[in-house]
Amino acid sequence: MPQSFGFRAAFCAALALIAGPFTPALAEPVTSFTLDNGLNVVVIEDHRAPVVVQMIWYQVGAADEPRGHSGIAHFLEHLMFKGTDKVGPNEFSATVEAQGGDDNAFTNWDYTAYFQHISADRLDMVMELEADRMRNLRLTEDDVATEREVILEERAQRTDSDPGSLLTEQMRAAQYMNHPYGIPIIGWRHEMAALSREDALSYYQRFYAPNNATLVIAGDVTPDQVRALAEKFYGPIAPTPDLPPRDRPQEPPQLAERRLTMADERVSEPYLFRTYLAPERNSGDQKEAAALTVLAHLLGGDGQTSVLARALQFDSQVAVYSTAYYDGTSIDTGSFGLVLVPSAGVSLQDAEVAMDKVIAEFLKTGPDPAALERIRMQVRAAEIYDRDDIFALANRYGEELSVGLTTDDIESWDEALGAVTAEDVMAAAENVFDRKNAVTGWLVQPGSEEGAAE
């Protein structure tokens, strides 16, 4: 499809903005306030279309679960659709869909979120529905038994049937030796199977409260309109006075690299995966996180021009795929990852040696100045384009506020990315590439040379 003039104009405007001084690119008006019961409210105005997104973010996730009850955060997310005294079982989504909207929910280690995307003149309806289930969830034993089978089947389909997911799960458990980030969000199967109605209600009553949540409204709304509706529907909900602090076990010093080899007959292409502990993005000090973000893009962000791709896929042709990523939007220590799929006839051992040589060379020479400038522009451009979607905007604010960042941090993030220097990248790389903090995993076929050697 030909590109429209509007797209070209927007692209040129974005490049002009990126190429100019390092000023925040935020254009949408953002307002925040707190209700008397402690509910944080963020309003993101976008009047281009008469639609709105409502997201409620609870500051509780899989890393906050009681020990031995893994999966309870995700389980409760499912049960939240079972109804209240006002709304019958599974009627929540049906009501939203009948009005032309859609809704869903998701769970992370640090938060649980619920959202609706609907016509702006139906905001009052979805606010009333969401506020109702913040306190008035009703669960029967049959509800719990049915949904427990659903999450067990979800684990079977998404994790147990996928060797790559199983390897990732095992590696994460090895990466975090003490922190609950090492426990899968969906839960360990044997603990999921034992989750009860009492477990779910106890967790719900303990953590689901206005003073443990952030409400994000994005779209064709005004702050005054949202404040009035929030006070009407959420305002009467009493806060929970004894919310437990989010005191989590922290990682001890890691003294040795851990290595895993998983053999599975379903593996079609062997590959290696390595993760390192990496500093999280912190409020008021985003310099290192910005440098790690740029580092990940430099090393593996592009399949043709990144450092790993050029060295391993094109120059030496020892790999058919390579990438790098940084995951630091979290409350506690995040991770930096490398993935490599060897070319046919190249062993995982040889591929890993080649990858390590590329990393070692990068640590000696640093980034190419032109590549660094290109990456900084691309990353900032992606940040800008993400703001063209009200759901992406609502998601961004909700996620980052839920891990302890502020609106100032969010609005200055693209400035932090634009200010990254080669020295910043090298300092971040020297810090993160510590093999004592690393877990290296090989995914192989049974009876393969790699599996036998390990």
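The values are calculated or read from the model by the stated rules, or taken from the named source; none is laboratory data. In this text the structure is predicted, and so the values were computed from the model without any measurement. A quick note on method: Cβ atoms are made from the backbone with ideal geometry, for glycine too, and the neighbour counts reach across all protein chains shown. The accessibility values were calculated without ligands, DNA or RNA, using every heavy atom of the protein model including side chains. Shrake-Rupley method; radii C 1.70, N 1.55, O 1.52, S 1.80 Å.
Among the residues in the range 366-383, are any under 30 Å from I118 (Cα atoms) and either modelled with pLDDT of 90 or more or open to solvent by 40 Å² or more (accessible area, probe 1.4 Å) (or both)? Yes: one or more hits. Considering only residues in the range 331-355 that are surrounded by 15 or more Cβ atoms within 10 Å (Cβ to Cβ) and of a type in the set (D, E, K, R), the one that is farthest from E400 (Cα to Cα) turns out to be E352. Number of residues in the range 85-127 that are out of contact with any strand residue (DSSP E or B) (no Cβ under 7 Å at 6 or more places or on another chain), of a type outside the set (S, T, N, Q) and closer than 16 Å to T214 by Cα equals 1.
Considering only residues in the range 261-273 that are of a type outside the set (S, T, N, Q), surrounded by 15 or more Cβ atoms within 10 Å (Cβ to Cβ) and in contact with an Asp or Glu (Cβ under 9 Å, 6 or more places away or on another chain), the one that is farthest from E169 (Cα to Cα) turns out to be P270.
Would you be able to tell me the number of residues in the range 388-445 that are touching a strand residue (DSSP E or B) at 6+ places or on another chain (Cβ under 9 Å), farther than 30 Å from S347 by Cβ and not in a helix (DSSP H, G or I)? Of the residues in that region, 2 qualify. Scanning the range 205-229 for residues being over 20 Å from L393 (Cα atoms) and either open to solvent by 10 Å² or more (accessible area, probe 1.4 Å) or assigned to a loop (DSSP other than H, G, I, E, B) (or both) gives a total of 9. Taking the conditions (1) in a loop (DSSP other than H, G, I, E, B); (2) under 25 Å from the mean Cα position of the chain (by Cα); (3) surrounded by 15 or more Cβ atoms within 10 Å (Cβ to Cβ); (4) free of Cβ contacts under 8 Å to residues at least 60 places away in the same chain in turn, L308 satisfies each one other than (1). Checking each residue in the range 84-97 for being touching a Phe, Trp or Tyr at 6+ places or on another chain (Cβ under 7 Å) and either farther than 16 Å from Q116 by Cα or surrounded by fewer than 20 Cβ atoms within 10 Å (Cβ to Cβ) (or both) picks out N90, S93. Scoring V60 on the criteria (1) open to solvent by 10 Å² or more (accessible area, probe 1.4 Å); (2) touching a residue at least 60 places away in the same chain (Cβ under 8 Å) leaves a single failure, condition (1). Looking across the range 156-204, the residues that are in a loop (DSSP other than H, G, I, E, B) and β-branched (V, I, T) come down to I183, I185, I186.
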